[in-house]
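Below you'll find the structure, written out as structure tokens, and then a few comments.
The values are calculated or read from the model by the stated rules, or taken from the named source; none is laboratory data. What you see is a predicted model, and the numbers here were worked out from it, not measured in a lab. Here the Cβ positions follow ideal geometry from the backbone for every residue, glycine too, while neighbour counts run over all protein chains shown. Only protein heavy atoms, including side chains, enter the accessible area calculation; ligands, DNA and RNA are left aside. Shrake-Rupley method; radii C 1.70, N 1.55, O 1.52, S 1.80 Å.
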Amino acid sequence: MTGVQLESVCKFYGDFRATEDVNLTIANGEFLVLLGPSGCGKTTTLRMVAGFVEPTRGSIRIGNVDVTHLPPWKRSTGLVFQSYALFPHLTVHQNVAFGLEMRKVPKSEISEKVMTALQMVRLDHLGERYPRQLSGGQQQRVALARALAFRPDVLLLDEPLSNLDAKLRHEVRVEIRNLQQRLGITTVMVTHDQEEALTMADRLVVMNEGRIQQVGSQRDLYDRPQSQFVASFVGRSSFLNGRAGGARFVTAGGLPVVIDSRLEGEAVIALRPERITLANAPLADTPNNLPGEVEFVSYMGNLIDVHVRLNQHDHVIAQIVNRDDTNVPAVKDRVFVSWAPSSSVFAK
Amino acid sequence: MSADAPQRSAALTATTLLGPATFVAALGVIGPMLYLLRYSFNQYDPRELMIETFTLKNYQAFFTNSYFLDAYLTTLRVGLFATAVCLVFGFPLAYVLARSTSRYKNLMIIAVVVPLFVGNAVRAAGWMSFLGSRGLLSVTLMNLGITSGPTDFMYSEGTVILGIIAVNLPYMVLSLQSVLEGINRNLEEAAYSMGARPLTMFRRILLPLALPGVAAGAILTFILAMNAYATPVLLGGPSFRMMAPLVYGQFQLNNWPAAAAIAFILMLTTLLLTMVVSAITRQKFRVT
Ligand SMILES: Nc1ncnc2c1ncn2[C@@H]1O[C@H](COP(=O)(O)OP(=O)(O)OP(=O)(O)O)[C@@H](O)[C@H]1O
Ligand SMILES: [Mg+2]
């Protein structure tokens, strides 16, 4: 097995920059997820690794081989598409055997390897069926078996679950992750489903407008977002605009806020809703303790969102857990919100 | 009772809609055909023209006369060859069209069809000005010093095939394009990613999936080529013979029985080969 390396990879379509300056090192056996809004260049990046899109600039290595200009059939990537892309005129068995035949595996071994691959996805009893005789979930598992049967260097998944219903999506998600870990195969998956990304990945890459915004673990992205985009795209945040200077911050509405950062000038504070404390009276010993009025309460069962307006310009969302003793504020209530100085601050 | 009322009215609608077309088809095509079939068993007489009888003489005469047989073989050869060439040239063109994401795609499709806007006589004049002894090709070859005198490329089997291909290619391209368009590009990419080279991918994935389009295109162009009339007459010249002009020739000689027999031989041959092609396709494409 092998890792993958992308070095300053760019893809331009005329003037349009589909991806720009993508640098990534994917470790051997790692499950990397590319996450980002629609059109941010995730598929383009994946297809460059597979060999269907040639980078305008930069280089791609799989293991020790520079594959930048190698055609797809000379690379060793297993591909799973959103549309399954099973060959409709071949049986499940023949579909899975295709990659083995292309790799000149002796005929005597093919059948056994196909069975092994189908057993991995628990579909060994359906080998003689044609793809259209399978459910969507079964088709996607066959696609997975087909991509893994010839033991590629890298497994590439482009939104593999988005055509499945919610329940199935959870099942196949676990299945993919288990298989990936068992085989220890280097994997890159594209998704714009945040939950999917967070539950499956070893490491995540957040992209926007063709560029990598941040690479890191779930924790890195959630607790230490490096940009306003990541803070809003991974999880939720409310933002306070203002000016920073010497560990102090003044919001657009003129409220003083203590921050840990040494930023100067126009800046924005990102506040995670569950990190904001809500109280009926000012709390002693808390640095950022500001009065406000409840504007809106959104009840979500286990959790409750409380929208608090601090003044004409500033507004935060606090999330509280719905316990027996929770005092749920009502609209127009006067409340106090507070948060730690360690909240993320970004320059504007 | 009310439950099957919509069904009955649907059936009624279908009858109303299909009725006139069926009637016209029966009257305009099947009727005359049966008449022609009957004629083909009659006997030609120079004075009485046609004598009502039942004889296979016309068919016998056809298969024992080298003049007719020659035309028959030429027609088959031209038909098969033109179809094969249309397929070979049409496939890549259809593929490019089907896979194009250009916003000029519709224009490209129109460009494929445009040659059909030109009538046969005009087209023939065009070929003459290109292939005749004073045509562009001949003059160019002379000017380049490749030939010393004028060469006439007109009036040969090659010219006729060329002419037929020019007419039939659009039909082939459109038949293939519509089927290729329905084949998900991801299928090709899946094959490539598993290590298939382009030719292997074509043979194992694209061609089998495109087979219905190949069959439709081949059948269409083959029928057109077998029955070509204007092109062989205008581009083949007086000594070149194919079946459709032959039929007309016999009609002109007032030999209706012979004309009818030749027409039926042409029709049956076309039908037979067409059926063979569909049978092969259906067998290859059998899914369950
Ligand atoms: N062949 C092409 N020609 C021109 N632009 C292209 C081409 N392929 C992709 N693009 C553009 O590049 C950008 C990135 O596309 P890409 O398919 O990588 O997005 P994505 O992140 O996968 O989005 P999604 O989540 O919607 O699948 C898009 O704006 C797209 O329109
Ligand atoms: Mg995509």
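Of the residues that make up segment B:266-285, is at least one within 14 Å of chain A (Cβ to nearest Cβ) and polar (S, T, N, Q)? Looking through segment B:266-285, at least one residue is within 14 Å of chain A (Cβ to nearest Cβ) and polar (S, T, N, Q). When A:P88 is tested against (1) within 16 Å of ligand 2 (Cβ to nearest atom); (2) facing chain B (nearest Cβ under 10 Å); (3) surrounded by fewer than 18 Cβ atoms within 10 Å (Cβ to Cβ), only condition (1) is not met. Pick from segment B:172-202 the residues that are among the charged types (D, E, K, R) and within 12 Å of another protein chain (Cβ to nearest Cβ): which of them is most open to solvent (accessible area, probe 1.4 Å)? Filtering first and then ranking leaves B:R197. The set of residues in segment A:102-132 that are within 14 Å of chain B (Cβ to nearest Cβ) and open to solvent by 70 Å² or more (accessible area, probe 1.4 Å) comprises A:R103, A:K104, A:K113, A:E128, A:R129, A:R132.
Is at least one residue of segment B:3-14 touching a residue at least 24 places away in the same chain (Cβ under 8 Å) and open to solvent by 80 Å² or more (accessible area, probe 1.4 Å)? Reasoning before the result, please.
As a first pass, look at segment B:3-14 and keep what is touching a residue at least 24 places away in the same chain (Cβ under 8 Å): none.
Checking segment B:3-14: not a single residue is touching a residue at least 24 places away in the same chain (Cβ under 8 Å) and open to solvent by 80 Å² or more (accessible area, probe 1.4 Å).
Restricted to segment B:111-206, the set of helices (runs of 4 or more DSSP H) holding at least 1 residues that are without any contact (Cβ under 8 Å) to a residue 24 or more places away in the chain and touching a Ser or Thr at 6+ places or on another chain (Cβ under 8 Å) comprises B:136-143, B:185-193.
Within 16 Å of ligand 2 (Cβ to nearest atom), crowded, with 22+ Cβ neighbours inside 10 Å and within 9 Å of chain B (Cβ to nearest Cβ): which single residue out of A:F81, A:F52 fits that description? Outline the logic, then answer.
Numbers: A:F52 fails: crowded, with 22+ Cβ neighbours inside 10 Å.
Testing whether each residue is within 16 Å of ligand 2 (Cβ to nearest atom), crowded, with 22+ Cβ neighbours inside 10 Å and within 9 Å of chain B (Cβ to nearest Cβ) leaves just A:F81.
If a residue has to be open to solvent by 10 Å² or more (accessible area, probe 1.4 Å) and assigned to a helix (DSSP H, G or I) to count, how many in segment A:150-174 make the cut? Here the count works out to 8. Residues of segment A:138-152 include at least one that is more than 14 Å from chain B (Cβ to nearest Cβ) and either more than 16 Å from ligand 2 (Cβ to nearest atom) or closer than 30 Å to A:K74 by Cβ (or both).
Output the residues belonging to segment A:175-197 that are in a helix (DSSP H, G or I), open to solvent by 10 Å² or more (accessible area, probe 1.4 Å) and within 16 Å of ligand 1 (Cβ to nearest atom). Before the answer, list the steps.
Our first condition is that a residue be in a helix (DSSP H, G or I); within segment A:175-197, this holds for A:175-183, A:194-197.
Next, only the ones that are open to solvent by 10 Å² or more (accessible area, probe 1.4 Å) stay: A:175, A:177-178, A:181-183, A:194-195.
If the condition is that a residue be in a helix (DSSP H, G or I), open to solvent by 10 Å² or more (accessible area, probe 1.4 Å) and within 16 Å of ligand 1 (Cβ to nearest atom), then A:Q194, A:E195 are the ones that fit.
Taking segment A:318-329 as the range and being open to solvent by less than 50 Å² (accessible area, probe 1.4 Å) and part of a loop (DSSP other than H, G, I, E, B) as the test, the residues that pass are A:T326, A:P329. The set of residues in segment B:217-237 that are open to solvent by 50 Å² or more (accessible area, probe 1.4 Å) and either without any contact (Cβ under 8 Å) to a residue 40 or more places away in the chain or assigned to a helix (DSSP H, G or I) (or both) comprises B:L220, B:I223, B:L224, B:Y229, B:V233, B:L234. Test A:L35 against the stated conditions and say whether it is under 25 Å from A:V230 (Cα atoms), more than 12 Å from every other protein chain (Cβ to nearest Cβ) and of a type in the set (A, V, I, L, M). Against the criterion (under 25 Å from A:V230 (Cα atoms), more than 12 Å from every other protein chain (Cβ to nearest Cβ) and of a type in the set (A, V, I, L, M)), A:L35 qualifies.
Residue by residue through segment A:18-49, note down the ones that are within 16 Å of ligand 2 (Cβ to nearest atom) and either more than 19 Å from A:D158 (Cα to Cα) or out of contact with any helix residue (DSSP H, G or I) (no Cβ under 9 Å at 6 or more places or on another chain) (or both).
A:L32, A:S38, A:G39, A:C40, A:G41, A:K42, A:T43, A:T44, A:T45, A:L46, A:M48, A:V49
Among residues of segment A:37-65 that are within 12 Å of ligand 1 (Cβ to nearest atom), those with a beta-carbon under 8 Å from a residue that is open to solvent by 10 Å² or more (accessible area, probe 1.4 Å) and hydroxyl-bearing (S, T, Y) at least six positions away or on a different chain give the pairs A:F52/B:Y192; A:V53/A:T44.
Just one of A:R203, A:R236, A:R219, A:R243 is in contact with a helix residue (DSSP H, G or I) (Cβ under 8 Å, 6 or more places away or on another chain), of a type outside the set (G, A, S) and either surrounded by fewer than 21 Cβ atoms within 10 Å (Cβ to Cβ) or over 12 Å from A:F346 (Cβ atoms) (or both); which is it? Don't jump to the end; show me each part of the working.
Details: A:R203 fails: in contact with a helix residue (DSSP H, G or I) (Cβ under 8 Å, 6 or more places away or on another chain); A:R219 fails: in contact with a helix residue (DSSP H, G or I) (Cβ under 8 Å, 6 or more places away or on another chain); A:R243 fails: in contact with a helix residue (DSSP H, G or I) (Cβ under 8 Å, 6 or more places away or on another chain).
Going through A:R203, A:R236, A:R219, A:R243 in turn, just one is in contact with a helix residue (DSSP H, G or I) (Cβ under 8 Å, 6 or more places away or on another chain), of a type outside the set (G, A, S) and either surrounded by fewer than 21 Cβ atoms within 10 Å (Cβ to Cβ) or over 12 Å from A:F346 (Cβ atoms) (or both): A:R236.
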